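Below: the structure, in structure tokens.
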Amino acid sequence: MAVEAPARAEARAPRRGGLRHRLAERGVDRVLLLLLPAVLVVALLFLYPMMYGVGLSLQPKDGGGPFGNYTGFFRDPYQRGTIWKTLRLALPAALINVGASVPIAYRLRGRFRGRRLLTALLVLPVTLGTVLVADGLLRYLGPKGWFNRVLLDLGVVDEPVRLVYNYWGVLFSLLITGFPFAFLLVLAYMSGIDPTLERAAATLGAGPWQRMRRIVLPLLAPGLATTFVLAFVLAFSVFPSANLVGEPAGETRVMAIAAYQAAFEKYDYSMASTIAVLMGVFELLVIAVTLLLRGRLYTGPATGGKGS
């Protein structure tokens, strides 16, 4: 009996070790249990509210079946038009911010005097906030702002140029508040590209544009796609600037404003949830198209740049 007990223990030991080894091969480790608190937080703060909102959207206030809110939204031109108005603001804002970040980040990735100061100035709008940016736009670009006063004094125009309380005011606000995020991300991706690749291409006779087109942009493409997605999501949920420097009852009545009006003016929380769900759906569609294009256009190696 005394001999059989150690033999059984030795027989069980390899099994335990073998099970642990097989779990490790599949990427399962007891350390992963440390992720449980984070999973619970995500479930409580994201999954539950999302599923609750989806369920609420299927309970129309005025009846009409589970999808009554969705059919009512698309049948109403005033409500349906908010989709295009939101995309008309979010897509150009994201494209311009990402496009403007590339050449600036390309110049700032090297080391030179004043680089940190210039970078700090470019990301300064992050500290301002949407309300302060809107106030600055009203003071500088408003009908009585310095920009219009200068144009009127020079005789360039006969009446103030309307740059706020319309589409352009909201777009300017999105560009100012969204550029620092796009710039910091692009700068991080750009800094991860090995500069020796460009130097090697230069020794083979490649010019600046050829190096940018053949080396930098292909390696930067995955990072640009990710940056565009984040910039688009940030701009798609525009709400304060659409009210402060836009025309919330007209051309800048975006989906977020429609959801707010449904919830807090009409007290139709079911319709507000429907609009919120549709916002998520359209965001996911744009993200899916962006990632699909990224997968088809980017065929470079996984090394040599960040974001791949």
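Values as computed for the structure displayed
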{"quantity": "Wholly enclosed helices (runs of 4 or more DSSP H) of the stretch 189-249 bearing at least 1 residues over 27 Å from PHE282 (Cα atoms), open to solvent by 40 Å² or more (accessible area, probe 1.4 Å) and aliphatic (A, V, I, L, M)", "calculated": "195-203, 217-236"}
{"quantity": "So GLY169, is it within 17 Å of SER101 (Cα to Cα), assigned to a helix (DSSP H, G or I) and open to solvent by less than 20 Å² (accessible area, probe 1.4 Å)", "calculated": "no"}
{"quantity": "Search result, residues across the stretch 64-96 that are open to solvent by less than 70 Å² (accessible area, probe 1.4 Å), over 19 Å from VAL289 (Cα atoms) and in a helix (DSSP H, G or I)", "calculated": "GLY68, ASN69, TYR70, THR71, GLY72, PHE73, GLN79, GLY81, THR82, LYS85"}
{"quantity": "Residues (outside any helix (DSSP H, G or I) and under 14 Å from LEU184 (Cβ atoms)) located in the stretch 105-122", "calculated": "ARG109"}
{"quantity": "Residues (within 30 Å of ILE215 (Cα to Cα), open to solvent by less than 80 Å² (accessible area, probe 1.4 Å), at pLDDT 90 or above and not small (Gly, Ala, Ser)) located in the stretch 268-308", "calculated": "VAL286, ILE287, THR290"}
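The values are calculated or read from the model by the stated rules, or taken from the named source; none is laboratory data. As the structure is a prediction and not an experimental result, all values here were calculated from the model. Glycine gets a Cβ as well: all are built from the backbone with ideal geometry, and neighbour counts include every protein chain shown. Accessible surface is based on the protein model in full, side chains and every heavy atom, while ligands, DNA and RNA are left aside. Shrake-Rupley method; radii C 1.70, N 1.55, O 1.52, S 1.80 Å.
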